[in-house]
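Trainee: Submitted below is the structure of interest, expressed as structure tokens.
The values are calculated or read from the model by the stated rules, or taken from the named source; none is laboratory data. Quantities reported herein were computed from a predicted structural model and do not represent experimental measurements. Positions of Cβ are generated from backbone atoms using ideal geometry, with glycine treated the same way; all protein chains shown enter the neighbour counts. In case anyone asks, the SASA skips ligands and DNA or RNA and just uses the protein heavy atoms, side chains included. Shrake-Rupley method; radii C 1.70, N 1.55, O 1.52, S 1.80 Å.
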Amino acid sequence: MNLFQLALRNISRNAFRSWTIFLCAFYISGFALAMMLIVHGAEQSLDLANQRLGADILVVPNGSEQKVETSLLMGNPTNVWMPREVVEKIARLPEVESISPQLYLATLTNAACCSVSNMFVIAFDPQTDFTITPWLEQRLGRALNPGEAIGGMYVFTPPGEEGIKIYGTFVRLMGNLEPTGTGLDRALFISFDTAYDIARNSRTRAVEPLQIPDNSISAALIRVRRGNAAQIVSMKIEQQIPEVTAIDSPELFLSYRNQINGLAEIVWMVLAIALVLSIAIVDLIFTMAVNARRREIAVLRALGSTRRSIFFSLLAEANLLAFGGGMAGLALSALAVYLFRNLLVSSLQMPFLLPSLPELVFVLAIGILVVLAAVSISVLPPALAASRREPALAMRE
Amino acid sequence: MLISLKDVVKIYAPAKEQPVRAINGLSLEVPRGDFVAILGRSGAGKTTLLNLMAGLTRPTSGEVLVESANLWSLGDREQSRLRNRKIGFVFQFPSLLPSLTALENVALPNTFGKRLAGDEARVRAGQLLEMVGLTDKRNAFPRHLSAGQQQRVVVARALMNQPDILLADEATSNLDEQTEQEIMTLFQQIHAETGVTIVMVVHSSYLVRYATRSIQMANGKILSGD
Amino acid sequence: MKAAGVLMIALAIAVAVVSLVFNCQAEGRSLALANGTTVPMKCFWSAMAEIAVAVPLLGVGGMLALSQGRETQRTLAVTGGILGAFTMLIPTVLIGVCANPDHDCNRIMLPTTLMAGTLIIAVSLITLFISEGRTEASAA
């Protein structure tokens, strides 16, 4: 029998105290990790979506900023148009290095001519594109041919079919992009030529034709020349072309960022309250338990236990429980967030991306340290008092 | 001299209450191998005297020496080691740890002193349980033992580290007459066999016959002693 | 053991109810064949198999809550663990669910059964561990 085994025996003896500390640690660590993963996952997802677009400025028709942001983040298709001449006008600006137009399309809902209902389809111009094309060159070693497509992470060819049917035309899925946790994971990327082919064919092959207004585009992605501030260039674009809105990269998805920041603030507040309450509860329970055991502690002192070993054995008991509860809470929380990530995205209406393994391990380590620190703070006063109490007095009380 | 108390005064001063002078300028010497019975009315200071000898309470003034070492000039670590190695304690109240078996309770003092390895400690604890007649109860938890059996285990535990001094505080006050005699005979037997010095607080004068000498206490002082 | 049994019953009910409610057939989705007839998607068959596993799991949970004998508890824990493993294997390896991540079978049924399966196995292992420990203590 050593002091560690003695602590374990005491844990199994006092079920109420043990369960209270275990559950407090379980709740705090589980809640903190789940919230941290959600908030961090949403932030990371927004950053990745920004990177995926790879543009300094996104130009969209006036009044459609929110719609386009929601489409890009949540994958709900949108139908916005502006004249194609906008591209030429912007390209003339000396601060603009490159500009590439995009078409935002959508498949039909519950129609036999489309394999996937209401899918967000993004058509890009291979001549000017600087976001998808580099990826294609790296993976495929060539540009997309007509009738070929690249999908987000969750886009797949329906089993038994030769391709994905869009308005009656099959497109071949040539690969999937890395996950971003946003609507881009559910989007299909095709070239302008393929989009116009589909639109032409749809008049005879689909229940409803795909409409792409003449000389129109949905959005334009811009890269500014080195040394120019995207914010200034955006303002200049809006001054020269009043019918468009130019969103510079830091401002992109701003409403979502604000929403996440708001959520993060609430989460930290709730967590702080829960932490303080748990510290108070554990302190109370431990004080009661130590008082009930004062004679037992006095006996241990009489048998030769030092003050120091009494103090550390009480601390060890609490920390063993906190470690068990904390690990269980963290494991269950990580598992739940991982398994229910799709449900989280659809119910919270927020993008979400799981952290990498090293990030997760780091967060878990921080979580367990916070729980151990909180429990140690809680039991410090009763453990100190118990170790300092004079044994003879403890026996008389 | 194994234990010496010189002009010891102990005043308890609980908050919001009048101070109590539990020991009032007491001096006592206990030579090695003695079996002393301390007798006195309730509140005479018997338990406090025993606690002072074990270093479980600090004297308000005076000195408590064990083998010439002043207990209160030692640090907590040294004092605890001395208690662990030299003093065995038998309490008035049930003092076995409920989460440990009889054998583990007996071996407990070794946890703090680490004089014996785990297996050796178990063998020694088993021998002590055999000595107190509880070999068949080695794996029983305290709740499954009678009050007399529990007190026998406590006696065995007090002897675990082969102490020089055995302090017993009304060790038989909660037991029936027959069990009381059995425990007292056990103390006599231990004293005869091991030569350990025993200082025992007793609640009745007829128990004095088991000791080699007795001390009568009243108001924190020694009234008489043979 | 009572707590372990009650927890197992609750998990079995969760598996059965979620499988019953959140499969594509229950949502009105089915596969249309070329000849015009419709057949259930594979998540429906997974759901039926999950219910078939949940029923004996309910029994195991009930018996575990009431059992006293260590040997019985150990047998029940092992049986519960095997059923828990099946709860996880059915929607992943043995039958599967729909490929579309937006379907409820993917968003709700699959994670719930995986989570419940993990917890059932954990409860079974803890039960096994505790009953082994008690047997050793009583034998010592």
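Trainee: Give a quick list of GluC sites (Glu not before Pro) in the range A:24-124 that DSSP marks as loop, anything other than H, G, I, E or B, with at most 14 other Cβ atoms within 10 Å.
Mentor: The qualifying sites: there are none.
Trainee: What is the set of long-range amide H partners of B:I3 at a cut-off below 5 Å, with H atoms built 1.01 Å from backbone N?
Mentor: Amide H neighbours of B:I3, under 5 Å, 5+ apart: B:V30, B:E67.
Trainee: Just for the protein assembly as shown, what percent of DSSP beta bridges are antiparallel, to the closest 5?
Mentor: DSSP beta bridges in the protein assembly as shown are roughly 65 percent antiparallel.
Trainee: Which value at 222 nm does chain C reach when only helices count, each DSSP H run of 4 or more adding -39,500 (n - 2.57), with the total divided by all residues and rounded to the nearest 500 deg cm²/dmol?
Mentor: Here the helix-only value at 222 nm equals -24000 deg cm²/dmol.
Trainee: Another question, if that's okay. Take B:N139, project a point 7 Å from its Cα along the Cβ direction, then tell me which residues of the range A:1-42 have their backbone nitrogen under 18 Å from it.
Mentor: Those under the cut-off are A:1.
Trainee: If each of A:L357 and A:L393 carries a label point 7 Å out from its Cα toward its Cβ, how far apart are those two points in nm?
Mentor: 5.5
Trainee: Can you pull the percent of chain A's accessible area that's carbon plus sulfur, 1.4 Å probe, other chains left in place?
Mentor: Reported share for carbon and sulfur atoms: 59 percent.
Trainee: Ignoring ligands, DNA and RNA, what percent of the 1.4 Å accessible area of the range B:96-216 is carbon and sulfur?
Mentor: 44
Trainee: Select from the range A:138-171 all residues whose loss of accessible area on going from the chain by itself to the full protein assembly reaches 10 Å² or more (probe 1.4 Å).
Mentor: The answer is A:Y154, A:F156 - residues whose exposure falls by at least 10 Å² when every protein chain is included.
Trainee: Helix by helix, which DSSP H runs in chain A go 18 Å or more along their axis at the Cα atoms and have an average Kyte-Doolittle hydropathy of 1.6 or more?
Mentor: Sorted by number, the helices that extend far enough and score high enough are A:357-388.
Trainee: Here's something else I'd like to know. Compute the distance from the alpha-carbon center of the range A:356-373 to that of the range B:73-115, in whole Å.
Mentor: Cα centres, the range A:356-373 to the range B:73-115: 40 Å.
Trainee: Separation between the B:A13 and B:E29 pseudo-spin-labels, each 7 Å from Cα along Cα→Cβ, expressed in nm?
Mentor: Those two pseudo-labels are separated by 3.3 nm.
Trainee: Go through the range C:90-126 and flag every residue whose accessible area shrinks by 50 Å² or more with all protein chains in place compared to the isolated chain (probe 1.4 Å).
Mentor: SASA drop of 50 Å² or more in the range C:90-126: C:P101, C:R107, C:P111, C:M115.
Trainee: As I understand it, the value is the acute angle between the Cα axis of helix B:76-86 and the longest principal axis of the Cα atoms of chain B; what does it come to in degrees, rounded to 10?
Mentor: Rounded to the nearest ten degrees, it is 60.
Trainee: Within 10 Å of each Cβ in B:95-105, how many Cβ atoms from other chains are there, averaged over the peptide?
Mentor: If you average over the peptide's residues, the count of other-chain Cβ atoms is 5.
Trainee: Can you give the mean number of other chain Cβ atoms that lie within 10 Å of the Cβ atoms in peptide A:285-298?
Mentor: 1
Trainee: Can you tell me the 0 to 90 degree angle between the C-alpha axis of helix C:42-66 and the longest principal axis of chain C, rounded to 10?
Mentor: Compared with the principal axis, the helix lies near 20 degrees.
Trainee: Are there any GluC sites (Glu not before Pro) in the range B:1-92 that are in a DSSP loop and have at most 13 other Cβ atoms within 10 Å? List them by number.
Mentor: Of the GluC sites (Glu not before Pro), the ones in loops of the range B:1-92 whose Cβ has at most 13 other Cβ atoms within 10 Å are B:E17, B:E67.
Trainee: Moving on to the next point. How big is the A-B contact in terms of buried accessible area, both chains counted, 1.4 Å probe, rounded to the nearest 100 Å²?
Mentor: 2500
Trainee: Can you give me the Rg/Rh ratio for the range B:140-226, using Cα atoms for both radii and the Kirkwood formula for Rh?
Mentor: Answer for the range B:140-226: 0.98.
Trainee: Just want to confirm a number: the relative contact order over chain A, from Cα pairs under 8 angstrom separated by 6+ residues, in percent.
Mentor: 29 percent.
Trainee: Spit out the partnerless Cys residues in chain C, using Cβ distances under 4.7 Å as the pairing rule.
Mentor: Result for chain C is C:C24, C:C98, no neighbouring Cys Cβ within the cutoff.
Trainee: Run the simple label-point estimate for A:A272 and A:E243 please: 7 Å along Cα→C-beta, distance reported in nm.
Mentor: The modelled label-to-label distance comes out at 5.0 nm.
Trainee: Shielding of A:303-313 by partners, i.e. mean partner chain Cβ atoms within 10 Å per residue?
Mentor: 6
Trainee: Here's a follow-up. How about the range A:8-24: which of its residues lose at least 40 Å² of accessible area in the presence of all protein chains relative to their chain isolated, using a 1.4 Å probe?
Mentor: Buried by the other chains: A:R9, A:R13.
Trainee: Please give the Cα centre distance for the range A:3-18 versus the range C:61-140, rounded to the nearest Å.
Mentor: 27
Trainee: Assuming a strict under-27 Å limit between Cα atoms, what lysine pair count do you get for the protein assembly as shown once near-sequence pairs (fewer than 8 apart, same chain) are dropped?
Mentor: Step by step, the pairs that qualify in the protein assembly as shown add up to 19.
Trainee: With the cut-off at 28 Å, report for chain C the share of all Cα pairs above it, as a whole percent.
Mentor: Looking at chain C, the distances longer than 28 Å represent 27 percent of pairs.
Trainee: Using the heavy atoms of the protein chains and a 1.4 angstrom probe, tell me the accessible area per residue for the range B:90-152 in square angstrom.
Mentor: On a per-residue basis, the range B:90-152 sits at 44 Å².
Trainee: Follow-up question, since we're still on this one. Could you order B:S214, A:S202 so the one with the most accessible surface comes first? Probe is 1.4 Å.
Mentor: B:S214, A:S202
Trainee: Now, a different point. Evaluate 2.2 N^0.38 Å with N set to the residue count of the protein assembly as shown, then give the Cα radius of gyration divided by it.
Mentor: Rounded to two decimals, the normalised Rg is 1.43.
Trainee: Sticking with this one: What list of ³J(HN,Hα) values in whole Hz, one per residue of the range B:20-36 in order, does the Karplus curve 6.51 cos²θ - 1.76 cosθ + 1.60 (θ = phi - 60°) give from phi, with Gly and Pro shown as x?
Mentor: Each residue of the range B:20-36 in turn: 10, 8, 6, 10, 10, x, 8, 10, 8, 10, 10, x, 4, x, 6, 10, 9 Hz.
Trainee: In whole percent, what relative contact order does chain B give with Cα contacts below 8 Å and a gap of six or more residues?
Mentor: Reported relative contact order: 30 percent.
Trainee: Mind pulling the angle between the C-alpha long axis of helix B:118-131 and the longest principal axis of chain B? Nearest 10 degrees, somewhere in 0 to 90.
Mentor: Relative to chain B, helix B:118-131 is tipped by roughly 80 degrees.
Trainee: Follow-up. Please identify the longest segment of chain A free of exposed trypsin sites (Lys or Arg not before Pro), where exposed means a DSSP state other than H, G, I, E or B and no more than 11 other Cβ atoms within 10 Å.
Mentor: A:227-397
Trainee: Going through the range A:162-265, which GluC sites (Glu not before Pro) have at most 14 other Cβ atoms within 10 Å and a DSSP loop state?
Mentor: A:E162, A:E243
Trainee: Enumerate the amide H contacts of B:K221 below 5 Å, restricted to partners 5 or more residues apart or on another chain; note that Pro and chain-start residues carry no placed amide H.
Mentor: Close amide H contacts, sequence-distant or interchain: B:N24.
Trainee: If you count the DSSP beta bridges with both ends in the range A:63-242, what percent of them are antiparallel, to the nearest 5?
Mentor: The answer is about 75 percent antiparallel.
Trainee: Given the C-alpha atoms of the range A:145-201, compute the convex hull and give its volume per residue in Å³.
Mentor: 79
Trainee: Given the DSSP H assignment, sum -39500 (n - 2.57) over each helix run of at least 4 residues in chain A and divide by its residue total; what's the result at 222 nm in deg cm²/dmol, nearest 500?
Mentor: Calculated mean residue ellipticity at 222 nm is -19000 deg cm²/dmol.
Trainee: Additional query: Find the accessible area per residue for chain A; the probe is 1.4 Å, ligands and nucleic acids are left out, and the unit is Å².
Mentor: The answer is 45 Å² per residue.
Trainee: If you don't mind, another one. What do you get for Rg/Rh over chain A if you use C-alpha atoms and the Kirkwood form of Rh?
Mentor: Dividing the radius of gyration by the Kirkwood radius yields 1.20.
Trainee: Please report the buried accessible area for the interface of C with A, total over both chains, probe 1.4 Å, in Å² to the nearest 100.
Mentor: Interface area, both chains combined: 1100 Å², rounded to the nearest 100.
Trainee: Averaged across orientations, what area in nm² does the convex hull of the alpha carbons in chain B project?
Mentor: 12.5
Trainee: Also: Could you check which residue among A:P94, A:P209, A:P126 shows the biggest mean-square fluctuation in a GNM of chain A with a 10 Å Cα cutoff?
Mentor: So, out of A:P94, A:P209, A:P126, the one fluctuating most is A:P94.
Trainee: Under 8 Å for C-alpha pairs, at least 6 residues apart: give me the relative contact order for the range A:316-397, rounded to a whole percent.
Mentor: Once divided by the residue count of the range A:316-397, the mean separation gives 49 percent.
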